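Quick notes on the structure that follows.
The values are calculated or read from the model by the stated rules, or taken from the named source; none is laboratory data. Since the model is a prediction, treat every value here as computed from it, not as a measurement. Neighbour counts run over all protein chains shown; Cβ positions are idealised from the backbone, glycine included. Side chains included, ligands, DNA and RNA excluded: accessible areas come from the protein's heavy atoms. Shrake-Rupley method; radii C 1.70, N 1.55, O 1.52, S 1.80 Å.
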Amino acid sequence: MIWILLFVVIGIIFVIWEVRRQRSLKLRAHLMQEAIRNHDFTFRLPVDGLLPGERAMQQTLNKLGETIRRQMNQNEVESWERLTRVLTHEIMNATAPITSISQSMLGRDDVKGSPLEPGIQAIFDTSRHLNNFVVNYRKMSELEKPVLTDVPLRSLLGDVCNAYPGLTWEVGVHTDITVCADAGMLRQVLMNLAKNAVEAEAKRMVVQQIEEPSNHQQLMLYIGNDGLPIPAENRQSLFVPFFTTKRSGSGIGLSLSRRMMIQQGGMLDLAEKSLSGCRAGFILTILQSV
């Protein structure tokens with residue numbers, strides 16, 4: 001009788017445990033479905049408390065989200081490159097004769113000092129500004145292929161820190177870390193982030209290594225600052241070429257930086273949450289040296 005009662009209790013406990021587990025799995029499926037529906041492929045669901053097979057499946061799905069996100073970013077960059085080639089060709093063909101003719105007319109004696117001069121000068125300045133803008137944007141599609149080498153990360157970060165002595169740097173990166181990257185491109189990306197921080201009135205810059213035990217092939221850095229926060233309405237457009245909130249900005253700094261990281265097998269993303277003391281932050285993903 002006691003054994004029967006014990007088996008019944010164990011059975012009831014097992015049923016309750018299984019029901020809760022199924023509810024948990026159903027909730028996981030719902031959360032992932034909602035993330036995909038909202039085009040959020042940064043989801044990472046925990047694997048604690050799962051059976052071995054379920055844990056392996058969850059780890060695979062977590063990696064799948066990252067793969068989809070990277071592929072979408074790569075397709076986006078390639079689309080912008082194709083559009084850039086068409087736009088730069090057509091715009092430069094159209095502005096070149098306007099700039100040349102207006103410049104020539106400004107040198108004529110019958111134009112100098114006449115009522116026509118301000119208008120022709122405005123045409124010349126506008127066409128030249130548009131031409132310079134297109135030339136800057138053309139950099140997006142003319143990047144040279146990266147030359148990947150073993151780069152001591154702390155040494156590279158030291159160079160960037162020295163270039164911006166006005167910022168107070170807090171670097172939390174292991175001294176022996178070596179990454180597989182194009183040193184020039186990686187330095188330029190870090191410089192762009194520091195430059196943006198200065199323009200956002202930042203005084204403090206934080207570079208913090210993010211421990212990612214599930215991925216030993218990549219290194220993730222949090223790069224944040226205490227400057228002006230990024231408005232919520234601008235976060236989705238931050239890496240779109242031409243988009244800028246600065247009066248004198250070209251809108252290619254962050255999009256170009258992401259392009260350079262993708263070419264190196266890495267990524268540049270906006271951090272979803274800022275570390276303590278930071279108002280804006282980015283996640284820089286770099287390949288680690290073998």
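Can you run down the residue pairs with Cβ atoms below 7 Å, 6 or more apart or on separate chains, where the first is in segment 100-129 and without any contact (Cβ under 8 Å) to a residue 40 or more places away in the chain and under 26 Å from Thr88 (Cα atoms) and the partner is open to solvent by 70 Å² or more (accessible area, probe 1.4 Å) and not charged (D, E, K, R)?
Between residues of segment 100-129 that are without any contact (Cβ under 8 Å) to a residue 40 or more places away in the chain and under 26 Å from Thr88 (Cα atoms) and residues that are open to solvent by 70 Å² or more (accessible area, probe 1.4 Å) and not charged (D, E, K, R), the close pairs are Ser102/Ile123; Ile123/Ile98; Phe124/Gln103; Ser127/Ile98.
List the residue pairs whose Cβ atoms are under 6 Å apart, where the first residue sits in segment 202-227 and is of a type in the set (Phe, Trp, Tyr) and crowded, with 19+ Cβ neighbours inside 10 Å, the second is assigned to a strand (DSSP E or B) and at pLDDT below 95, and the two are 6 or more positions apart or on different chains.
Here the result reads Tyr222/Gln208; Tyr222/Ile210; Tyr222/Gly281, each pair linking segment 202-227 to a residue that is assigned to a strand (DSSP E or B) and at pLDDT below 95.
Give Thr126, Thr168 a once-over and let me know the one that is farther than 23 Å from Ser79 by Cβ, open to solvent by 40 Å² or more (accessible area, probe 1.4 Å) and at pLDDT below 90.
Thr126
Hand me the list of strands (runs of 3 or more DSSP E) wholly inside segment 162-232 holding 2 or more residues that are farther than 19 Å from Met267 by Cβ.
168-172, 204-210
Any chance you could count how many residues in segment 68-123 are open to solvent by 60 Å² or more (accessible area, probe 1.4 Å) and among the basic types (Lys, Arg)?
Counting residues in segment 68-123 that are open to solvent by 60 Å² or more (accessible area, probe 1.4 Å) and among the basic types (Lys, Arg) gives 4.
Of everything in segment 19-45, what is part of a loop (DSSP other than H, G, I, E, B) and open to solvent by 80 Å² or more (accessible area, probe 1.4 Å)? Give them in sequence order.
Within segment 19-45, Asn38, His39, Arg44 meet the criteria.
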